[in-house]
1. Just need a number here: residues in segment 42-85 that are surrounded by 14 or more Cβ atoms within 10 Å (Cβ to Cβ) and of a type in the set (Asp, Glu).
2. Within segment 301-324, which residues are touching a Ser or Thr at 6+ places or on another chain (Cβ under 7 Å), of a type in the set (Val, Ile, Thr) and buried (at least 24 other Cβ atoms within 10 Å of the Cβ)?
3. Only one of Gly329, Gly268, Gly286, Gly296 is in contact (Cβ under 8 Å) with a residue 12 or more places away in the chain, of a type outside the set (A, V, I, L, M), in contact with a Gly (Cβ under 8 Å, 6 or more places away or on another chain) and within 30 Å of Asn374 (Cβ to Cβ). Can you tell me which?
4. Tell me the residue from Ala162, Ala175 that is more than 12 Å from the ligand (Cβ to nearest atom), within 16 Å of the chain's Cα centre (by Cα) and in contact (Cβ under 8 Å) with a residue 60 or more places away in the chain, please.
5. Can you name every residue in segment 132-161 that is under 30 Å from Gly227 (Cα atoms), in contact with a Pro (Cβ under 9 Å, 6 or more places away or on another chain) and surrounded by fewer than 23 Cβ atoms within 10 Å (Cβ to Cβ)?
6. Among the residues that make up segment 473-482, is at least one of them crowded, with 20+ Cβ neighbours inside 10 Å and more than 11 Å from the ligand (Cβ to nearest atom)?
7. Does Thr400 count as of a type in the set (S, T, N, Q) and out of contact with any Ser or Thr (no Cβ under 8 Å at 6 or more places or on another chain)?
8. Is it the case, given these coordinates, that Ala177 is part of a helix (DSSP H, G or I) and touching a helix residue (DSSP H, G or I) at 6+ places or on another chain (Cβ under 9 Å)?
Amino acid sequence: TQDFGISEALATLYIQETNNGTSTGNDWFGSGESIVSSSPVDGLSIASVSTTTKEDYEKVVSKAQEAFKTWRMVPAPARGEIVRQFGDKLREYKEPLGKLVSYEMGKSYQEGLGEVQEMIDICDFAVGLSRQLHGFTMHSERPGHRMYEQYHPLGIVGIISAFNFPVAVWSWNTALAWVCGDVCIWKPSEKTPLTGVACQQLIAEVLKKNEMPEGISCLINGNGEVGEFMTTDKRIPLISATGSTRMGKKVAATVGERLGKSLLELGGNNAIIVTPNADIKMTVIGAVFGAVGTAGQRCTSTRRLIVHESVFDQVKDALVAAYGQLKIGNPLDENNHVGPIIDSDAVRMYLMALEKAKTEGGNVLVSGGVLEGNGYESGCYVKPAIVEVENSYNIVQQETFAPILYLIKYSGDVEDAIALQNDVVQGLSSAIMTSNLREAELFLSQKGSDCGIANVNIGTSGAEIGGAFGGEKETGGGRESGSDAWKVYMRRQTNTINYSTGLPLAQGIKFDL
Ligand code: NAD
């Protein structure tokens, strides 16, 4: 098979055939059994990574605790300078890292590069933020008193990430957490351990150059059990977890039990509403990219299209025609639109969802199936499918992490469409296609979309780092990335200072001695 520069990328990123999966920076160890990472692109094993045992984990946590004592005293802008250097390192390694993301996870090379670009962007954002960790000042009711609030670092932040954005999600958390003065322990998905090893090598070089101690950036590897080392650990005040709602419910319960903080970024069931006032050409482009981009494995992928009956046939015909043009194959080959899904389990879930949609009464408009033969040896290439359904079907209420688009017809006005769009348990991303101001503003109003992200005339998929990212309901309620999302990585303290010679009490209370 064609190599597409993979061997070179692996060598540039210092990935060997067997790799230690536990690191506190420049110190690498890991005595647990190994995970072999194999590529959904061609089914071949890439390399192995050793998992983290409880003993290894204890070593990591004590290093991180020590490092926090130093790191919290480094002035925030100086921490920002180190994050700036990490952004430069990522610029230097953008191509090999983008390629590894593409090969290990299966997204297109362009999307792999885009993911690394997102890491660079969040580093830039964090550098600016490092001089803007602002608190308010307020007027005291007592004479000769001053009040203000300030933000202090939390300590160790535990980051648990999903396979589909194997590197960007880590950087969204870690770049902010570092400028906030926290140290981080990252457990990447067990499906994409190599991208984790690569990122850790890059940051370790930057920290070493700056003569920073071990423990500011740590890596652990393994499955959910290794994740539980952190969620049950009182020494970790904040757990940021990205993944399925099933995982999020467990993490929330475990962290809640010890009254820790959790930031949850869970599943979506994202819809685009297409009103009679939609630009159909734009709608089709947005819907197709949203549904088949990253082979339907984005948390913001378009799962449902809620289309007014007056334009339903027109939208349906245009979509079917567009799906006919899709090229499915190796994501490193830029001629292809759709790559593989992550593994055979994901393929099984995809097939099961299509079966269920049919059993519940769905009408298949573009049929699915698993591709076989030359170029499809991994068994992970599936055909993007479209099924006409009712929103109330069980299967439509669930997030299937694959390229299946559900088409739903609505009659009546935009409020009926909004009711359908909100009638799922998830609340991540949503969009409306309309050139009618009233429809658009209603969709964005307090009786409109109940999602964390609501767009007008763009699709549901993807987001810019400048805004806070996350969703409501079973999506978990967390916010990451831009805006004031940084506040979750810090603890707030309210300070009152008395510069008078008396001791007046608040609320006029008298206590005379
Ligand atoms: P997953 O839930 O299977 O795994 C996610 C991570 O959680 C992995 O690192 C896994 O090892 C860990 N984990 C599992 N059980 C755990 C436990 N009990 N304690 C601690 N850690 C545990 O998800 P996945 O298949 O890797 O990713 C796909 C899912 O992620 C989809 O539902 C998608 O919507 C969601 N996702 C959400 C966002 C978002 O920002 N909202 C972003 C990306 C992905």
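Where a number appears in this text, it was derived from the coordinates with a stated rule and is not lab data. As the structure is a prediction and not an experimental result, all values here were calculated from the model. Methodologically, a virtual Cβ is constructed for each residue, glycine included, from the backbone with ideal geometry; neighbour enumeration extends over all protein chains shown.
1. Qualifying residue count for the region: 4.
2. Thr302
3. Gly329
4. The unique qualifying residue is Ala175.
5. The answer is Leu154, Gly155.
6. yes
7. Criteria met by Thr400.
8. The answer is yes for Ala177.
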